[in-house]
1. Would you please give the FRET efficiency between A:Thr201 and A:Glu301, computed as 1/(1 + (r/R0)^6) with r the Cβ-Cβ distance and R0 = 22 Å, to the nearest 0.05?
2. What order do you get for A:318-325, A:623-630 when each peptide is scored by the mean count of other beta carbon atoms within 10 Å, highest first?
3. Which of the listed residues, A:Ile499, A:Gly138, A:Trp327, is farthest toward the dipole's positive end in chain A, when Lys, Arg count +1 and Asp, Glu count -1 at the beta-carbon?
4. At 222 nm, what value in deg cm²/dmol follows for chain A if DSSP H runs of at least 4 each add -39500 (n - 2.57) and the sum is divided by all its residues, to the nearest 500?
5. Extending each Cα 7 Å along its Cβ direction at A:Ser208 and A:Glu3, get the distance between those two points in nm, one decimal.
6. First select every other residue whose beta carbon is under 13 angstrom from the beta carbon of A:Thr186; then total the charges, Lys and Arg +1, Asp and Glu -1.
7. State to the nearest 20 debye the size of the charge dipole of region A:178-283 about its Cα centre, where the only charges are +1 on K and R beta carbons and -1 on D and E beta carbons.
8. Peptides A:652-661, A:684-693: what's the order by average Cβ count within 10 Å, highest mean first?
Amino acid sequence: MIELPKAYNPQETESRIYKLWEESGFFNPDNLPDKGKGRFSMVLPPPNVTGTLHLGHAVTVTIEDILVRYQRMLGKKTLWLPGTDHAAIATESKIEKELIKKEGKNRNDLGRPAFLKRVDAFAKESQQTILNQLRKMGASLDWSRLAFTLDEKRQRAVYTAFKRMYDAGLIYHGEYLINWDKKGQTTVSDEEVEYETTKGTLYTFRYSKNFPFPIASTRPETKLGDVAVAVHPSGKWKEYIGKKFEIDNFVGTKLTIEVVGDEAVDPEFGTGAVGITPAHSKVDAEIAQRHNLPSKQVINEFGKIMHTGSGLDTLNIQEARDRVVEWLKNENLLEKEEIIEHNIAKAQRSGGIIEILPKRHQFFVNVNKPIVDRDGKTLRELMCEAVTTGKIKIIPERFEKNYFHWIDTLRDWNISRQVWYGHRIPAWCKGEEIKVEQESPGEGWEPIEDTFDTWFSSGLWTFSTLGWPDETMDLKTYHPTDVLETGYDILFFWVARMILMSSFLLGEVPFHTVYLHGLVRDENRKKMSKSLGNVIDPLVMTEKYGTDALRMALIFNTASGTDSVISEEKIKGMKHFANKFWNIARFILMNNTGVMPSSKPKARTDADRVILEQLSAVRESVSRNIEQFQLHEAAQAIYQFIWHDFADVYLEASKPQLKNENKENTEQILLHTLCTTLKLLHPFMPFVTEEIYAQLPITDKKLLLVEEWPR
RNA sequence: GGGCGCUUAGCUCAGUUGGUUAGAGCGACUCGUUUACACCGAGUAGGUCGGGGGUUCGAAUCCCUCAGCGCCCACCA
């Protein structure tokens with residue numbers, strides 16, 4: 001007879017058990033016996049190196065650890081590879097903010113080398129925090145393969161990738177219109193721009209008294225950079241197409257406005273005429289290109305008016321706008337002012353307003369260029385094909401539609417960032433001439449100061465972590481990875497970029513299945529945020545209720561890809577479940593008279609027969625549901641069985657049976673059922689199951705971590 | 001403007017290709033201090049599955065339509 005404590009104590013158990021697992025070496029597939037059952041691999045979406053664990057991470061870790069533990073118990077060589085992301089802009093601005101707060105200096109005061117030294121030091125020191133927090137969640141990650149997006153090996157991968165793409169003509173360079181984040185002082189990709197609906201004033205006016213028709217704009221100050229007016233080729237202003245107007249004085253500057261006819265103009269909207277500002281609008285730039293129009297930049301990177309010679313130069317945007325409007329009023333050129341709803345572009349990261357402006361020495365990934373080595377297909381086509389051919393399956397399936405829709409509207413990817421912390425773009429320039437090399441090509445060549453978009457390096461993650469560009473054993477064995485699990489919010493940022501990179505650089509998909517989970521919300525369906533004060537700290541929850549309880553609560557009753565709601569009550573309920581299970585084991589061990597479990601106990605009573613049938617059904621259900629990524633169904637099935645079939649019914653039925661002549665047989669059924677449920681529950685609640693398993697009277701016992709999945 | 005999705009018990013949500021009395025967790029109510037567990041047990045109440053129409057022997061599930069909510073993408077000056 002073995003006597004367990006009356007209540008399960010996660011605080012006492014968890015760190016001890018985790019240490020046991022870690023020391024066993026079984027997180028590393030090299031130490032797993034080769035059972036000829038194949039392999040399974042997955043990368044952890046690398047958390048920001050300076051971050052701390054939030055519920056989003058907790059969901060990711062829970063789901064992935066369930067998949068990994070299941071596969072490992074199936075006997076596969078199972079690799080789950082950890083790492084951290086340098087998160088260029090996020091980390092840099094975090095450090096700079098602290099620097100300003102503590103020392104009153106910004107990054108420029110320190111200079112690039114000194115500033116980077118600080119960031120590096122902070123990142124290194126900070127990294128342990130998030131890694132230990134992942135351990136706290138019970139993650140069975142192979143720590144021996146830990147990677148960092150900015151470590152030496154990954155740097156080599158990034159440079160190699162860039163060089164190969166550049167040589168293949170997939171990366172071009174020059175002066176282009178970019179999304180400028182004035183606040184963050186960097187360019188950002190189209191994906192990093194968010195739109196916010198606000199009310200603004202639409203001004204309808206003429207450039208001058210003798211201009212034949214009015215135009216409308218919410219940004220009159222940008223009109224200083226106008227070079228043309230576009231009208232519909234068969235609209236009401238078509239007679240003016242081809243005419244040029246010299247405006248001698250528009251708010252103190254000279255404009256040459258050519259009237260062009262373009263299909264892109266909606267003749268019914270507004271005045272039917274659009275002022276064309278090629279330097280500050282992508283749509284206008286496209287029109288300008290079609291008609292061979294010049295471009296005139298009038299807003300600089302600090303959001304000030306420039307190069308107009310109008311007396312507005314050096315004013316900021318709002319001041320300039322007021323002055324332009326005032327001038328229009330004074331000149332009697334303003335015909336209408338109306339309040340309209342329109343979208344303003346903001347940088348996702350900094351929240352700053354995005355200005356479209358031209359910038360030199362920008363690098364872009366061309367998604368529309370045919371690639372010789374890939375049967376003349378473009379990156380866009382390769383990305384599309386990976387999913388249409390079924391080589392990659394996205395779960396839930398509806399996200400495949402999102403993915404295709406995104407690809408349809410995809411433009412070239414600007415990978416240059418004016419951020420210091422990150423992979424420096426290995427390129428040099430002499431005037432407009434450019435050379436891609438790591439070391440200086442010689443006299444007169446200036447280095448490109450920019451760094452890569454952080455997603456450029458994380459796009460390589462499935463293979464850069466496995467040793468690419470070297471042809472390592474790991475790469476051969478574990479790539480393509482089996483599953484990529486992450487939140488649906490980074491499907492485009494990350495998942496799509498990984499498909500792009502792998503398709504071109506390796507000629508294969510980076511993973512076979514993409515499994516997307518939803519966002520975690522609070523009880524009021526609100527997104528959790530610090531400012532709302534509704535944040536549930538996963539670490540506080542594990543402290544209070546145990547990691548197993550948190551894990552179970554996070555997947556219970558939440559379908560894949562659907563936003564889920566978590567409340568402290570739910571976590572508490574799962575703590576009760578852990579304790580219930582503990583007491584089931586306690587009861588069984590308490591009544592054990594030295595009987596060992598057998599794999600095929602005989603049913604002698606109706607109760608025996610029922611529970612064994614139910615056990616067989618739940619075993620099948622849990623396996624099938626995990627295979628199909630229906631973790632909530634699997635969790636529900638095992639929960640239901642343990643609490644309501646096994647405990648409520650069979651344990652009660654067993655009490656009289658333990659007193660009669662079938663005593664030993666009943667003990668065997670109890671032990672067998674316990675043993676099987678321990679295994680079935682282990683991926684979900686690894687700590688309590690391992691702890692109970694350690695108490696079972698079994699000879700030649702392994703860690704539950706590497707026990708064989710019931711079949 | 002285009003696309004995707006949601007609306008099921010008081011609350012939060014499951015419900016896998018249409019199939020017997022629609023489920024769970026939490027909450028509510030009644031009863032129960034029998035040594036596995038009060039972090040518990042036994043039981044009860046509570047839903048015309050958003051409205052309407054259709055297909056079918058049969059619809060929460062498929063189709064149409066209306067209403068409300070959410071997300072993604074594009075962006076018109």
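We did not get these values from a lab; they are worked out from the coordinates using the rules stated. Predicted, not measured: the structure shown is a model, and the values here were computed from it. Don't worry about glycine lacking a Cβ; one is built from the backbone with ideal geometry, like all the others, and counts go over all protein chains shown.
1. Approximately 0.30, to the nearest 0.05.
2. On the way: A:318-325: 18.5, A:623-630: 16.9.
Result, highest mean first: A:318-325, A:623-630.
3. Value computed over the given set: A:Gly138.
4. Details: 22 runs with 268 residues, N = 711.
That comes out to -11500 deg cm²/dmol.
5. Here the answer is 10.2 nm between the modelled labels.
6. Local net charge: -3.
7. The dipole magnitude comes to about 580 debye.
8. A:684-693, A:652-661
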